[in-house]
Amino acid sequence: MSSLSRRSFLSVTVAAGAIAAMPKALAVDKTSAFADAGREFAVPPALLAAISYGQTRWSDHAGRPSRSLGYGPMHLVDGAAVAQQRAAEGKDDSAAIDTLGAAAAASGISADTLRTDAASNIRAAAALLAARQRANGGAVGASTDPSSWYEAVATTSGLSTPAAQVQYADDVLADLRSGMSVSDGRTRYSVGAQPVGSPGKGRDRVVARAKSGRRPTGPVDAPNGLGVEWVPAPYELYGPTEVDYGNHDLAFRPRSPELTHVVIHDTECSYEVGIKLVTDPTYMAWNYLIRSSDGHIAQHLQTKDIGWHAGNWYMNMHSVGLEHEGFAAQGYNWYSEVMYRRSARLTRHVCRTYGIPMDRAHIIGHDQVPALTTSRIRGMHWDPGPFWDWERYFELMGAPLSKGTVGRAPKSGDVVRILPGFEDNVQVVQGCSGVCVEGTDHGTNFVPLRSAPDASAPLVVDPGLKASPSTTQVSDVGARAAAGTEYAVAEVRGDWTAVWYLGAIAWFHNPVDAPTARVVKGGRTVTPKGATAPVYGSAYPEASAYANPAEAQPISPLIYTMKAGQTYVLSDDSVPTDYYKAKTFSLETPEDHVNTVGRTKYYQVNLGHRVAFVQAADVEIS
């Protein structure tokens, strides 16, 4: 049997009385892959569906392995290959669970077949799950309570740490209780809510193993049960003077400066290299690092202190930085479901603890951080890149990006939120030097912006990057409106919508029958009071606010401007105006580690792909 795509795969995974797909015409019959496997090996079909959803969201990825070498819709991990890979890298610490080999042994199906055939992959996973359930002394049967399978689900997950296994098995049961759905942009596939009991002693045993593992040894700031490890970034002198120190700054957040943003990064290196870098006093630090294979999280800084991660000191002052193992140009291969889930839990915790709004104006990618000056724009980073699924991430946080929108066609003056979907939103993305994309059949998180309402029109110009039109290179963010960001509508022509973007009009395809943006209820905008309004990459205080005028930070307008008659979305009207001075090592230095607060009022706006700041005196709110 050939490898099955998500569309064809889900069209045959319809279990009678448990799993429903819409439209029903797509269902081949009532004996789907999940139903067949469940009946053959005495496993509840909906449980199999939930396991697959929690691993791959019902995708077989066309037979390609994940970065952690998991295959098929059940993400069976080739532990032998992982061990070989780690050994070739000079590492002997691999703890990958060989679920591929175990499933092959339990089912009698070859490992080669399990890598490429989706239905066989499901059958073998069911065989392994049933074998593990019997070994645990549990009852099998297609109608058994899914909660009684907890320990088998946890230990066949392919995740190597008990803490990750607990989180995964909890998620499987939670997904069953609430129901699951996936949309490819045209069709929504779903599994209805299922009755699920309490896992009882099975969960107790897995939790006990998790508690016997490594315990937090430092000031971990994370939800209970997330199993975050404390790996401190060094704050130490590495040279002869007080300015030769690394790799972060001590501060007093959220009291001063306050916390307003979360910045999502990728490492552009492996997890192991990331750990080496963040523990190097001559490098730089971020708050958390999340591993791709199992979502394991290491925390490096206390939240009160300031990491050097965003490339913009003002944003560093006010943000928590989350690094994710992976490469932006291959994000689809690194950003695993378990990584999304555990990262989303952490971000939700940070936002709720420190009062950061859970929206795309305050939870941003590194690619949305503005430069402090025009000369720095070209050097700003573009991670996590076009393959980070923002819509899924916010869904996992319990803050879906569709909330607060209405389903009508936009008109001039509206605010729209970009929501193109992900899996079926395949945009042209070309490779880069070094690590590159492997084709153009992957979902993306943006819509391209053009200079005219025509698919063949040039992409818009980002004057901070270059004078010519933007390109489809993976690193070129100049003409991308990313999922969740909001813009003011300038004009509508048929299936095309124009928005104000970087001082000009930008068009994107937004057909009524398959919209890529939705109208925002109660969206607020700003317009220049004069002919133009300057735009900034920070909200630094006026010079008179500093105790020592020589320490005043320059307030440097960027190359971009808002022009009369143009409208931009107001995303925050309570922006802190301050500058935290931290130039030397010791906290005891009286003139250092001081936060200067100014009187100039700023707003945060959505200007282009990146956020920006304007002074309130230069604009009017409408």
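Computed from Cα positions, the angle between helix 45-56 and the longest principal axis of the chain comes to roughly 40 degrees. Sequence-ordered 3J(HN,Hα) estimates for segment 322-333 from the Karplus curve with 6.51, -1.76 and 1.60 and θ = phi - 60° stand at 10, 8, 10, 4, x, 10, 4, 6, 10, x, 4, 8 Hz, glycine and proline given as x. Annotation for Arg64 and Glu272: the two label points, set 7 Å from Cα along the Cα-Cβ direction, are 2.4 nm apart. Relative to the longest principal axis of the Cα atoms of the chain, helix 162-178 runs at roughly 80 degrees.
Here the calculated FRET efficiency for Glu242 and Ala88, from their Cβ-Cβ distance with R0 = 41 Å, stands at 0.40, rounded to the nearest 0.05.
Computed over Cα pairs, the Kirkwood radius of segment 460-619 leads via Stokes-Einstein (0.692 mPa s, 37 °C) to a diffusion coefficient of 186 µm² per second.
Measure out, as a whole number of angstrom, how far apart the alpha-carbon centroids of segment 240-313 and segment 561-622 sit. First find each Cα centre; the distance between them is then 22 Å. Computed with a 1.4 Å probe over protein heavy atoms only, the accessible surface of segment 350-466 comes to 40 Å² per residue. Taking every C-alpha pair closer than 8 Å and separated by at least 6 residues, the mean separation divided by the residue count of segment 292-340 gives a relative contact order of 52 percent.
Based on every Cα atom in segment 165-284, Rg and the maximum pairwise Cα distance Dmax equal 21.3, 65 Å. With the simple model of a label 7 Å out from the Cα in the direction of the Cβ, Ala80 to Glu620 spans 7.3 nm. For segment 210-274, the fraction of alpha-carbon pairs lying more than 16 Å apart is 71 percent, rounded to a whole number.
Across segment 40-158, the volume of the C-alpha convex hull divided among the residues equals 95 Å³ per residue. Here is the tail figure for segment 394-550: Cα pairs spaced more than 19 Å apart come to 61 percent of all pairs. Placing a pseudo-label 7 Å from each Cα along the Cα-to-Cβ vector at Arg493 and Asn224 gives an inter-label distance of 5.9 nm. Dividing the mean sequence gap of close Cα pairs (under 8 Å, 6+ apart) by how many residues segment 470-528 holds gives a relative contact order of 18 percent. Return the tail of the calculated pair distribution for segment 465-522, meaning the percent of Cα-Cα pairs more than 13 Å apart. Taking all Cα-Cα pairs of segment 465-522, the fraction more than 13 Å apart is 66 percent. The calculated Kirkwood hydrodynamic radius for segment 32-73 is 10.8 Å, given to one decimal from all distinct C-alpha pairs. Each Cα pair under 8 Å and six or more residues apart adds its separation to the average, and for the chain the resulting relative contact order is 10 percent.
Most tightly packed first, judged by the mean number of other beta-carbon atoms within 10 Å of their residues, the peptides 476-486, 572-582, 549-559, 280-290 read 476-486, 280-290, 572-582, 549-559.
With a Förster radius of 35 Å applied to the C-beta separation of Lys466 and Lys304, the computed FRET efficiency comes to 0.30. With the convex hull constructed from alpha-carbon coordinates only, the chain shows a mean projected area of 28.5 nm² over all directions. Shown here is the pair-distance distribution of segment 310-425: with all Cα-Cα distances grouped in 10 Å bins from zero up to the longest one, the shares run 12, 39, 36, 14, 0 percent.
The angle between the Cα long axis of helix 79-88 and the longest principal axis of the Cα atoms of the chain comes to about 50 degrees, rounded to the nearest 10. Calculated mean residue ellipticity, 222 nm, the chain: -7000 deg cm²/dmol, from DSSP H runs (n ≥ 4) at -39500 (n - 2.57) each, averaged per residue and rounded to 500.
The values are calculated or read from the model by the stated rules, or taken from the named source; none is laboratory data. Predicted, not measured: the structure shown is a model, and the values here were computed from it. Quick reminder, even Gly has a Cβ in these numbers, built from the backbone with ideal geometry, and neighbours come from all protein chains shown. SASA here: full protein model, heavy atoms, side chains in, ligands and nucleic acids out. Shrake-Rupley method; radii C 1.70, N 1.55, O 1.52, S 1.80 Å.
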